[in-house]
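Encoded as structure tokens, the structure appears first; notes follow it.
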Amino acid sequence: MTRWSDRWSPRRWRRQRDHYDWLSGYLHARGMSASARVMMGTIAGGLALCLVAMQLSADGPVGAVPVAMTWIACAGGVAGALLWMWRWPTRRQSLMFGLVSNTSIALACLAHPDPLAALIGCVAFAIIGAYFAFFHSTRVVLYNFAVASTVGMVEAGRLAFSGHPVLGGVDLLLILQVNMAMPLAIRALVNALSVDLLHSDRDPLTGLYNRRSFEYKTLGLLVARDAGELYLTVAMVDLDRFKALNDTEGHLAGDRALVRVAQALRVNTAKSAVIARSGGEEFLVAYVSSHCQPKALAQQICDAIAALPDHVTASIGTACAPLAHNDDASHQALIARLTADADAAMYCAKRRGGNQVQHHDPEDAVE
């Protein structure tokens, strides 16, 4: 078990992966994505409006270069607002949104003629830091803090040279505290919640996701990527004659078989695939690919299970469909439909003797 001190060590924090996919799926599955998009679009648009107002006022930047810097910063805010109005961003788009917003704030602060106002403006970095902390990794949180610190020190230096060294030092300290404390506090909270959620969403025997979490984990695959020419595939895996194994060799042997099957599923599927134990001896696999040809992978899984020392085989049903830029309800309906289709195909494979793969053909009725 990981010790508390190791879990919260600086090295472990720096290596933590982002939470973008599972948080995206979590928000979409619970109907909170629309409000999140409105909030982020409003923040980005508000930044652009503030800069436009500053440009048109007597307190705005002076000189061609500062004016150009402010307009570039304004364009960054507009681009961010348009992104959130258009769609839920992919992970790459989300990261670019944060980095562009970070750069825009830096340009706007450095372009302002009043160092005190520019120093106060560095508070805006905390918003982007909070965004990075919520969705992305600790590395980008620290990058945001480094930029905020650099801009803050520049403006504090300007304020000191204008005859206010104490004011510059005090304000800089407050800026550093805000930009460090709030994002890292959010990061700690999200990490703690993620551990609790992952534990509650896992099957305790196999460590796979449970049926309850399968939907929003799969939803995270869909909403946080470009649809393009991609397809969603769902496979239902059911172990043949598993009850006989329990009855003849005992439940401990059955549990060992389930653990080995879970490991075989992990080994034979992509790292991004969502794998769940849906109940009893049934498993679900969902993944996104550039084609709708799941038979080869499903047969590979079938052969891997048959090769296990537990003398079990599997009936596997598959179903797939193309993705499109649909809303949350459409994505959820697609996942539910493919799960039902894969389940029907699996029962067809089982009726035909088991230890085989059956793909659902929407043009043919499954027996």
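Coordinate-derived values only; no laboratory data. The shown structure was predicted, so the numbers you read here are calculated from the model rather than taken from an experiment. Note: ideal-geometry Cβ built from the backbone for every residue, glycine included; neighbour counts use all protein chains shown.
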| request: Pull up the cross-link candidates among the lysines for Lys350, meaning alpha carbon to alpha carbon under 20 Å and not fewer than 8 places away within one chain. | output: Lys243, Lys295
| field | Per-residue HN-Hα couplings for segment 230-236 [Karplus 6.51, -1.76, 1.60; θ = phi - 60°; Hz; x = Gly/Pro] | value | 9, 10, 9, 10, 10, 10, 9
| said: Looking at segment 228-301, I'd like the Rg to Rh ratio, where Rg is from alpha-carbon atoms and Rh is Kirkwood's inverse mean 1/r. | reply: 1.05
| task | Could you tell me which GluC sites (Glu not before Pro) in segment 214-275 are loop residues by DSSP with no more than 11 other beta carbons within 10 angstrom of their beta carbon? | result | Glu229
| task | Calculate how many DSSP beta bridges within the chain are antiparallel, expressed in % of all such bridges and rounded to the nearest 5. | result | 80
| message | How long are the semi-axes of the equivalent ellipsoid of segment 4-200, defined as square roots of 5 times the Cα gyration tensor eigenvalues? Whole Å, largest first. | response | 31, 22, 11
| remark: The Cα radius of gyration of segment 18-89, divided by 2.2 N^0.38 Å with N its residue count, comes to 1.41
| In Å, what is the Rg of the alpha-carbon atoms in segment 209-359, and how long is Dmax? | 15.2, 50
| query | Rounded to the nearest 500 deg cm²/dmol, what is the calculated helix-only ellipticity per residue at 222 nm for the chain, with -39500 (n - 2.57) per DSSP H run of length n ≥ 4? | reply | -22000 deg cm²/dmol
| field | Mean projection area, nm², convex hull over Cα of the chain | value | 21.8
| query | Which of these, Leu110, Leu284, Leu205, has the largest mean-square fluctuation under a Gaussian network model of the chain (Cα springs below 10 Å)? | reply | Leu205
| remark: Isolated cysteines for the chain, Cβ-Cβ cutoff 4.7 Å, are Cys50, Cys74, Cys109, Cys122, Cys302, Cys348
| remark: Candidate span helices, the chain: DSSP H, at least 18 Å along axis from Cα coords, Kyte-Doolittle average at least -1.0, result 33-56, 64-86, 91-111, 138-161, 165-200, 211-223, 251-267, 328-351
| note | For Arg202, the residues 5 or more places away or on another chain with a placed amide H closer than 5 Å to its own amide H are Asn210
| query | Whose amide H sits under 5 Å from the amide H of Ser278, counting only residues 5 or more places off or on another chain, with H placed in the peptide plane? | reply | Phe283, Leu284
